[in-house]
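Q: Below is one structure. I have some questions about it.
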Amino acid sequence: MTPDLRYPALSDLKAACKGRVPWFVWEYLDSATGTESVKPRNRAALEQVLFRPAVLRGPIVPQLGTRFLGQDYAMPVGVAPVGMSGLIWPGAEAALARMAQTTRLPYCLSTVATRLPEEIGPIAGDMGWFQLYPPKDPSIRADILARARKAGFRVLVLTVDLPGPSRRERQLRAQLAIPPKLTPSMLWQIAQRPAWALGTLRHGQPRLRLMEDYLKLDGNAPSTAHPGYLLRAAPDWDYLHAVRKLWDGPLVIKGVMDAQDAPRLRDAGADAIWVSNHGGRQFDGAPAALHALREMRAILGADMPLIYDGGIESGLDVLRALAFGADFTMLGRGWHYALGALGAQGADHLAQILRDDLASNMMQMGLTHAKDAYSQLWTHGPAPES
């Protein structure tokens, strides 16, 4: 049976993933913080965005390609950074980077990945973005950025929405430490998931290799106090200015939810703003990211590039975000559900799902270009500027 028949939607891949990774891994991937109210809030906001179906438009040939930050991409969708990606599925970073290069989508490597930028940069090639959790030490910051640039990463994503650790109660209950400190319960969970276990044996214990170059831990730190957290600063505007001076390529600021910050970020040298509530993993009191996106576009006008993530599960969701002002969208958990379900093949399959669903819904809406989705909005209220 082909993947499209067995796993026609991301929800199918998610269900399969849960049955193929150890429970403590699932808790790491799927959890948020607090009561986890942000995850359904993101979904509810997307599902409230409705469009007018089009009729008598003649043949529609959707053009999915888009140009963003000086680079051509196959569609306005990319791979968001996920920490400890290789814990979720062995070899995840390389598999996603390879898919991104082949499919022509951006892949963003996390500072707290399980593989080094020197390993992943050449695989991602011109599709490579690098995400920076800001280190306190200026020399470490400069060294990480120099390594990312030398490895071929073209776009830098500075994450600014983690002033301190969140509790992530589900991860605490799962007793997850970084790097993982195996307990008898975890060993039993691993024994029930042979594909994950054998893959981990081949790839080695998942570790935060980049951060370990600068700080050694004894393996007893909880998942919310790994080397990335211990090295990281709570950045301010001076920190942003320092990063801007060090990085000569496109600079994206990730984790912005307050539209009042947007003009100052633009003036400080941001080339794009990434609207995100971190998938609910940091602050359970945040609004839906889609609502913040609309406010951001209204304040900034048409010219400032905006990226959106938060609850996207389909091509239709991509169109919803574009209609509310995004220029580009990202998924994080989704790609890892796909890897957990089907291994490296899962990433390629999810890319195909998103591509097909995007094209199908564009035809229903009479759209040749996805950026024109706002023209078919049914939702009451003024459409964002285009």
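Q: For a protection proxy built on the mean count of beta-carbon atoms within 10 angstrom, sort 185-193, 57-65, 272-280 highest first, please. Provide the component values of the computation, followed by the final result.
A: Numbers: 185-193: 14.9, 57-65: 12.0, 272-280: 24.9.
The peptides rank, most packed first, as 272-280, 185-193, 57-65.
Q: Work out how much length residue 352 to residue 104 would gain on full extension: take 0.36 nm times their residue separation and subtract the Cα-Cα distance, in nm to one decimal. If you can, show how the numbers build up before the last one.
A: Values: separation 248, 0.36 × 248 = 89.28 nm, distance 1.21 nm.
Going from the current span to full extension adds 88.1 nm.
Q: Measuring from label point to label point, each 7 Å out along Cα→Cβ, what is the residue 260 to residue 35 span in nm?
A: A separation of 2.6 nm, rounded to one decimal place.
Q: Moving on. Using R₀ = 25 Å, calculate the FRET efficiency as 1/(1 + (r/R₀)^6) where r is the Cβ-Cβ separation of residue 369 and residue 302; round to 0.05. Don't skip to the answer; put the middle values down first.
A: Numbers: r = 15 Å, r/R0 = 0.60.
Using R0 = 25 Å, I get an efficiency of 0.95.
Q: Taking 25 Å as R0, compute the FRET efficiency from the Cβ-Cβ separation of residue 4 and residue 47 and round it to 0.05.
A: Working: r = 24 Å, r/R0 = 0.96.
The value I calculate is 0.55.
Q: Under 11 Å from the 7 Å Cα→Cβ point of residue 212, by amide nitrogen: which residues of region 115-141?
A: 115-116
Q: What is the distance, in nm, between label points placed 7 Å from the Cα along the Cα-to-Cβ direction at residue 198 and at residue 167?
A: 4.1 nm
Q: With +1 on each Lys and Arg Cβ and -1 on each Asp and Glu Cβ, and nothing else charged, work out how big the dipole of region 3-375 is about its Cα centre, in Debye to the nearest 20. Before the final figure, lay out the partial values.
A: On the way: 42 positive and 36 negative charges, 112 e Å.
Around 540 debye, computed over region 3-375.
Q: So, by mean Cβ neighbours within 10 angstrom, what's the order for 27-34, 147-154 with the highest one leading? Walk me through the intermediate numbers first.
A: Numbers: 27-34: 21.1, 147-154: 19.5.
Taking the mean over residues of other Cβ atoms within 10 Å, the ranking is 27-34, 147-154.
Q: Could you sort 234-241, 315-322 so that the peptide with the highest average Cβ count within 10 Å comes first and the rest follow in order?
A: 315-322, 234-241
Q: Another question about this same structure. Span-like helices, the chain: DSSP H, alpha-carbon axial extent 15 Å or more, mean Kyte-Doolittle -0.5 or greater, which ones? If you can, show how the numbers build up before the last one.
A: Values: long enough: 92-103 (16 Å, 0.15); 138-150 (18 Å, -0.39); 289-300 (16 Å, 0.62); 344-365 (33 Å, -0.21).
Helix filter hits for the chain: 92-103, 138-150, 289-300, 344-365.
Q: Could you tell me which of 44, 199, 233 has its Cα farthest along the dipole of the chain towards the positive end, charges placed at Cβ (Lys, Arg +1; Asp, Glu -1), taken about the Cα centre?
A: Sorting the options by dipole projection puts first 199.
Q: Modelling each spin label as a point 7 Å along the Cα-to-Cβ direction, I'd like the residue 116/residue 74 distance in nm, to one decimal.
A: Going by the 7 Å Cα→Cβ label model, 3.0 nm.
Q: May I pose another question? Tell me which label goes with the value of Rg and Dmax of the Cα atoms in Å computed from the coordinates here: (i) 21.1, 62; (ii) 23.4, 95; (iii) 20.0, 66.
A: (iii)
Q: Of the DSSP beta bridges with both residues in region 15-158, give the percent that are antiparallel, rounding to the nearest 5.
A: Just about 25 percent of them are antiparallel.
All of the numbers you see were taken from the coordinates with simple rules; none came from a lab. The structure presented is a predicted model; accordingly, all values stated were derived computationally and were not measured. A quick note on method: Cβ atoms are made from the backbone with ideal geometry, for glycine too, and the neighbour counts reach across all protein chains shown.
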